[in-house]
Amino acid sequence: MKSYLIIFAAFLLVSCKNSEELENLKKENAALVAQVNALKAGTEAKGPKYMLKLKLKQSHLSLSIKKHIKDAVNAIEFELPVDKEFYDSVSEGTEIIDKFRFGSMVLYGSLGDWEMTVKEKYIK
């Protein structure tokens, strides 16, 4: 059984002598490596980058000051590149998402929603 495995492995190695296919694979590999390096360096983008700084937070309808403080502390801000059309369609303070959390109301009796607003917009 081992001898058949060795002969099969040798056959596979010998059959890989198709230099055209091997050259194509090497070119494809080099192109992929170049793309990965360009993405890591950030040089892939040509032209300006339209960036939005967004704020995402929960908001609860409650008299509990603890819930309001928790919502404010758990709010996150992040930057997101967008296309020019979307960049032009929003302004600072625009509310992108204001979605009621229906599942939380049904399961936990919690009245709240998600809010995502544009905090800042700039061009890199």
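Read-outs throughout are calculated quantities, based only on the coordinates presented, and are distinct from any laboratory measurement. Model, not experiment: these values are computed from the prediction. When we count neighbours, we look across all protein chains shown, and the Cβ atoms used for this are built from the backbone with ideal geometry, even at glycine.
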Exercise. Cα-Cα over 20 Å: which of LYS99/LYS121; LYS67/LYS99; LYS67/LYS121; LYS49/LYS119; LYS57/LYS84; LYS57/LYS124?
Worked result: LYS99/LYS121; LYS67/LYS121; LYS57/LYS84; LYS57/LYS124
Exercise. With a sphere of radius 9 Å drawn around the Cβ of LYS55, what net charge do the other residues whose Cβ falls strictly inside it have (Lys, Arg +1; Asp, Glu -1)?
Worked result: +1
Exercise. Which value, in debye to the nearest 20, describes the size of the charge dipole of region 66-120 about its Cα centre when Lys and Arg Cβ atoms bear +1, Asp and Glu Cβ atoms bear -1, and nothing else is charged?
Worked result: 540 debye
Seminar exercise, completed: Here, SER91 and ILE76, labelled 7 Å along Cα→Cβ, have an inter-label distance in nm of 2.9 nm
